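These notes are about the structure you will find just below.
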Amino acid sequence: MSKDYKDTLLMMKTEFSMRANLANKEPEVQKYWEEIDLYNEVLKKNKDHIPFILHDGPPYANGDIHTGHALNKILKDFVLRYRTMSGYYVPYIPGWDTHGLPIEAALTKKSKINRKTMPVSEFRKLCEQYALEQIDKQREQFKRLGILGEWDNPYVTLDKKYEAEQLRVFATMVEKGLIFKGLKPVFWSPSSESALAEAEIEYHDKVSPSIYLAFKVVDGKNVLSKDCEVVIWTTTPWTIPANLAVAVHPDYEYVVLNTNDRYLLVAKDLVEKFVEATEITDYKIVKKVKGRDLEYTTYSHPLNNKVCPIVLADYVTLDTGTGLVHTAPGHGEDDFNTGRKYNLDVLTVVDARGIMTEDALEFANVFYEDANKLIVERLNEVGSLLKLDYIKHSYPHDWRTQKPIIFRATAQWFASIDDLKADMLEAIKTVDWIPTWGETRIANMVKDRKEWCISRQRVWGVPIPVFYNEDETEILDKDIILHVADVFEKHGSDAWWTMDAKDLLPEGYTNPGSPNGVFTKETDIMDVWFDSGSSHHAAVVTRGLNYPVDLYLEGSDQYRGWFNSSLSTGVAVTKKAPYKAVLTHGFVLDGEGRKMSKSLGNAVDPNSLIREHGADVLRLWVASVEFTSDVRISKDIIKQTSESYRKIRNTFRFLLGNLFDYNNETDRVEYSNMNEIDQVIIASLNSVIEKVLHAYENYEFDEVLRLIMTYMTNDLSSFYLDFTKDILYIEESNNHERRSIQTVFYDNLYALVRLLTPIIPHTCEEVYQHLNGKKERSVYLTTLPRAVKTANSNALLTKYENFKELRDDILKALEEARNNKIIGKSLVSKVVIKPTEKTAKLINSITDDLAKIFIVSEFVVTNENIQGNEYPSGIIQVSLRDGHTCSRCWKVVDQLSEDELCDRCDKIINK
Ligand SMILES: [Zn+2]
């Protein structure tokens, strides 16, 4: 039996555990960060450096965070930490959006509260309480992700100071004449009883009636005969009572069809489609007429016999219908504009709840969707209906209630986008849009906008600070708004409901419109997009941060949302965009690329994921995806991520474990005194550092991770860490070669732990705390490594690439010998190679002991012909090395000492 020398080996030793146990460990790391006030310490350290401001888009304070939130906040944390560790001064003020309908709705649903039976201020108090509870909950969840920021001093849109600043933004826009009141058809949600912004609309399929109607001509102006009828098509029969005109395109050709004794006017190019849809089989074209010649001919409304005109409009198309467009100025935007041109009334036939009004005559008091049927029946009775069918089409819905919306003219407050458009389009050009298609996307959205409806008929929000005189004229005055802002700063916007108009106005205010000094307050509140859209002022400028900020980073739905509203108010106030760069990410889908939904039951909950795997695994997943497109998450995907995590953790552990007796101050080996292979690894590391920093700079976190993982796996784990074991464990502690390897380990560990800190900060902190000779209280107080190039690094890397080919061949040969039962462990083997000319040159140039590097007992290079397999590098022969196995290092040598040791081990043991 051989002797046991196990105790004489310098095996790896570390307290850093193999098992991650992140669910328990991370909260402790986070507690430590709080104890040392890490966030502020880092700020203090970089206080006088160049600032980098990432302005947080405020999530809505309602419900638990979902994977989309996690993706967003983690990406932000990558950026913040990268910038901080690059030396920038990087404060991060998280925000919350707290006003608006969802909170009113949640409260009504959850607490069964009826807001109509209690004073507004009481209801608002409940909304505030609810919002603050939601913030507390989300704050804990965000913090659990490992995100550092001013969590104790966030910006919250319901804060008095914030509300006051929002009014100051509004005052500037009033001063510039950008705010106006108008009667306009707006997206109206009967289910929410409120106007909606474009951002609050979603398109879903809906089945609607599709009807063709014929209206009898009254005055054909010698163009149309009296027995002629104009034919229109619509999918909203309930708007027919509001019909005030029919629009035709001036340049299209129209024809009169004679069928069954009726004379029907339709566009020439739509005749085929029309007769097919209405199942008319027998017809004759009896007349042709140009659209422009039809202007001001009249027809009789089939329900109320009103005489209405035919008008001209350029937006009439030949895609669907008849080329004659039913026009109801109170219920459509184009209709409204045409109505304005032809001096038509703005007739609205439904109220806020979607109930038909008295103006709808016999259909009054019926819900508009129910009125469809009654109206179609009546149209049939009076002979107007040519055809009724049903179609499925994409139709706008309220994104919250998921119910269809309508167009409805109401008195609303608007911010003019038309007046800002040129400046906005200029400002867009100055911004760095990442990905680049973002620029086109936002520019097109701005081009399409005319005005921004900023009023909402709700109570949970910032009031529109307008007063009315006794004669009902409005008081829209910058100085008065600024005065109200001061009141809000002291008392909050509740003052609007708790104080009298008189007390909200400046003392002694008079107005000729109010001879008795009586004033009333506007009851509408502002669109919540105006709240968050003012954050560049209310949460950036007023906190002493620079305008514009360096970066906005949100989901790609914010081109129409926050990027847009912020741009509008930003340009209105300063003429400049509020951001220098805008970075977007996609949506989170399930493993099969489907949207996550309650009905599919495929939603992944980040909180339970963290409880199982830890935040660092979730963060690693974020780093692994190409986030500018939609990304996928599932249990299987997270399992793969955990596997990558384990690789990283084990590599860290191995490096740490072999540095237990190394002191970087005293044991360090200078680069010039290292073996060549050690220099190669240092050169590779520096090349990786350079590439990683470049990827970070371009927000390519998936590339950061890929580079680090490839390096850790290929260069370290399966190569360098593998063969160096023999030296680290066997040689004496102070052995030069061993110290050189430890120096390489130390440099790798110290560089990689810093490079990965932005991505997996908890694990990196844990590693750093186990590192001998660490200098700072946290790894986050260090800076990122910089790539150092030595004079010989390029030459070394080229040589290394060639060497890898040789190594691959040797490994293949060893594997084959193992399969043929010639050898067991590679250490017992002797490898002989008859190299090709190129490989011979390479081998000659290598100064290291190749037997060691290939982990074999003997490596021989020969010119002789040998028995062996042919590989690209040459002929390789593997055999069992003859001799005796050293009881300590297991190497096979010719002769052993009395103690069963090889020469090398004997010198170490018996010195
Ligand atoms: Zn030995």
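The values are calculated or read from the model by the stated rules, or taken from the named source; none is laboratory data. All of these numbers come straight from a predicted model, not from anything done at the bench. All Cβ positions, even for glycine, are placed from backbone atoms using ideal geometry, and neighbour counts span all protein chains on display. All accessible areas refer to the heavy atoms of the entire protein, side chains included, with ligands and DNA or RNA removed. Shrake-Rupley method; radii C 1.70, N 1.55, O 1.52, S 1.80 Å.
Within the range 894-905, residues that are among the hydroxyl-bearing types (Ser, Thr, Tyr) sit with their Cβ atoms under 8 Å from residues that are more than 9 Å from the ligand (Cβ to nearest atom) and assigned to a loop (DSSP other than H, G, I, E, B), at 6+ positions apart or across chains, in these pairs: Ser897/Asn910. For the range 879-909, which positions are farther than 15 Å from Val828 by Cα, within 12 Å of the ligand (Cβ to nearest atom) and open to solvent by 60 Å² or more (accessible area, probe 1.4 Å)? Matches in the range 879-909: Asp903, Lys907. Restricted to strands (runs of 3 or more DSSP E) entirely inside the range 383-461, those with at least 3 residues that are under 27 Å from the mean Cα position of the chain (by Cα) are 385-398, 432-434, 451-453. For Lys775, the test of being without any contact (Cβ under 8 Å) to a residue 24 or more places away in the chain, open to solvent by 30 Å² or more (accessible area, probe 1.4 Å) and out of contact with any helix residue (DSSP H, G or I) (no Cβ under 8 Å at 6 or more places or on another chain) is passed. Scanning the range 325-361 for residues that are β-branched (Val, Ile, Thr) and either out of contact with any strand residue (DSSP E or B) (no Cβ under 8 Å at 6 or more places or on another chain) or crowded, with 23+ Cβ neighbours inside 10 Å (or both) yields Val325, Thr327, Thr338, Val349, Val350. Residues that are charged (D, E, K, R) and open to solvent by 60 Å² or more (accessible area, probe 1.4 Å): does the range 229-236 have at least one? So far as the range 229-236 goes, no, none of its residues is charged (D, E, K, R) and open to solvent by 60 Å² or more (accessible area, probe 1.4 Å).
Can you confirm whether the range 15-32 contains a residue that is over 30 Å from Ser634 (Cα atoms), surrounded by fewer than 22 Cβ atoms within 10 Å (Cβ to Cβ) and touching a residue at least 12 places away in the same chain (Cβ under 8 Å)? Yes, the range 15-32 has at least one match. Restricting to the range 766-811, name every residue that is closer than 25 Å to Gly657 by Cβ and either among the β-branched types (Val, Ile, Thr) or in contact with a His (Cβ under 6 Å, 6 or more places away or on another chain) (or both). Within the range 766-811, Val767, Val779, Thr782 meet the criteria. Just one residue in the set Val541, Val518 is of a type in the set (A, V, I, L, M, F, W, C) and in a loop (DSSP other than H, G, I, E, B); that residue is Val518. Residues in the range 338-358 that are of a type outside the set (Val, Ile, Thr) and within 21 Å of Thr235 (Cβ to Cβ): Gly339, Leu347, Gly354, Met356.
The strands (runs of 3 or more DSSP E) located wholly in the range 231-277 that include 1 or more residues which are of a type outside the set (S, T, N, Q) and within 45 Å of the chain's Cα centre (by Cα) occupy 245-248.
Please verify whether the range 851-863 includes one or more residues that are within 16 Å of the ligand (Cβ to nearest atom), farther than 27 Å from Asn675 by Cα and of a type in the set (Asp, Glu). Within the range 851-863 (the criterion being within 16 Å of the ligand (Cβ to nearest atom), farther than 27 Å from Asn675 by Cα and of a type in the set (Asp, Glu)), the answer is no, since none of the residues qualifies.
Within the range 831-849, is even one residue within 16 Å of the ligand (Cβ to nearest atom), at pLDDT 95 or above and crowded, with 18+ Cβ neighbours inside 10 Å? No.
Scanning the range 163-178 for residues that are open to solvent by 10 Å² or more (accessible area, probe 1.4 Å) and in contact with a Phe, Trp or Tyr (Cβ under 7 Å, 6 or more places away or on another chain) yields a count of 0.
A quick yes/no check of all residues on (1) out of contact with any Cys (no Cβ under 9 Å at 6 or more places or on another chain); (2) of a type in the set (Ser, Thr, Tyr); (3) farther than 25 Å from Gly321 by Cβ; (4) surrounded by fewer than 17 Cβ atoms within 10 Å (Cβ to Cβ):
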{"site": "Asp389", "(1), (2), (3), (4)": "yes, no, no, yes"}
{"site": "Ala422", "(1), (2), (3), (4)": "yes, no, yes, yes"}
{"site": "Ile434", "(1), (2), (3), (4)": "yes, no, yes, no"}
{"site": "Glu451", "(1), (2), (3), (4)": "yes, no, yes, no"}
{"site": "Ser455", "(1), (2), (3), (4)": "yes, yes, yes, no"}
{"site": "Val466", "(1), (2), (3), (4)": "yes, no, yes, no"}
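Residues in the range 724-752 that are open to solvent by 10 Å² or more (accessible area, probe 1.4 Å) and of a type in the set (Phe, Trp, Tyr) were compared, and the one that is nearest to the ligand (Cβ to nearest atom) is Tyr729.
A quick yes/no check of all residues on (1) modelled with pLDDT of 95 or more; (2) among the basic types (Lys, Arg); (3) touching a helix residue (DSSP H, G or I) at 6+ places or on another chain (Cβ under 8 Å):
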| site | (1), (2), (3) |
| --- | --- |
| Gly95 | yes, no, yes |
| Thr98 | yes, no, yes |
| Arg115 | no, yes, yes |
| Glu140 | yes, no, no |
| Leu145 | yes, no, yes |
| Pro154 | yes, no, yes |
| Thr157 | yes, no, yes |
| Gln166 | yes, no, yes |
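A single entry from Gly220, Gly149, Gly177 fulfils the requirement of being under 33 Å from the mean Cα position of the chain (by Cα) and either on the phi > 0 side of the Ramachandran plot or not in a strand (DSSP E or B) (or both): Gly149. With the structure loaded, tell me whether Leu553 is of a type in the set (A, V, I, L, M, F, W, C), touching a helix residue (DSSP H, G or I) at 6+ places or on another chain (Cβ under 7 Å), assigned to a strand (DSSP E or B) and open to solvent by less than 30 Å² (accessible area, probe 1.4 Å) or whether it fails that test. So Leu553 passes the test.
One line per residue, one yes/no per condition, for (1) within 54 Å of the chain's Cα centre (by Cα); (2) assigned to a helix (DSSP H, G or I):
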position	(1), (2)
Lys830	no, no
Thr839	yes, yes
Thr847	yes, no
Lys852	yes, yes
Arg888	no, no
Ser897	no, no
Leu901	no, no
Ile908	no, yes
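Quick grid of which residues meet (1) within 25 Å of Asp389 (Cβ to Cβ); (2) β-branched (Val, Ile, Thr); (3) surrounded by fewer than 22 Cβ atoms within 10 Å (Cβ to Cβ):
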residue: Glu253; (1), (2), (3): no, no, yes
residue: Asp261; (1), (2), (3): yes, no, yes
residue: Val266; (1), (2), (3): yes, yes, no
residue: Val271; (1), (2), (3): yes, yes, yes
residue: Val275; (1), (2), (3): yes, yes, yes
residue: Ile280; (1), (2), (3): yes, yes, yes
residue: Val286; (1), (2), (3): no, yes, yes
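If only residues of the range 33-67 that are among the polar types (S, T, N, Q) and closer than 23 Å to Ser86 by Cβ are counted, the one that is least open to solvent (accessible area, probe 1.4 Å) is Asn46. Of all residues in the range 864-878, those satisfying the criterion of being assigned to a loop (DSSP other than H, G, I, E, B) and either open to solvent by 50 Å² or more (accessible area, probe 1.4 Å) or within 16 Å of the ligand (Cβ to nearest atom) (or both) are Glu864, Asn865, Gln867, Pro872. Taking the criterion of being at pLDDT 90 or above and part of a strand (DSSP E or B), the residues of the range 188-201 that qualify are Trp188, Ser189.
Answer yes or no as to whether Glu489 is at pLDDT 95 or above, more than 27 Å from the chain's Cα centre (by Cα) and part of a loop (DSSP other than H, G, I, E, B). No: the conditions fail for Glu489. Of all residues in the range 15-58, those being within 30 Å of Thr651 (Cα to Cα) and touching a Leu at 6+ places or on another chain (Cβ under 6 Å) number 2.
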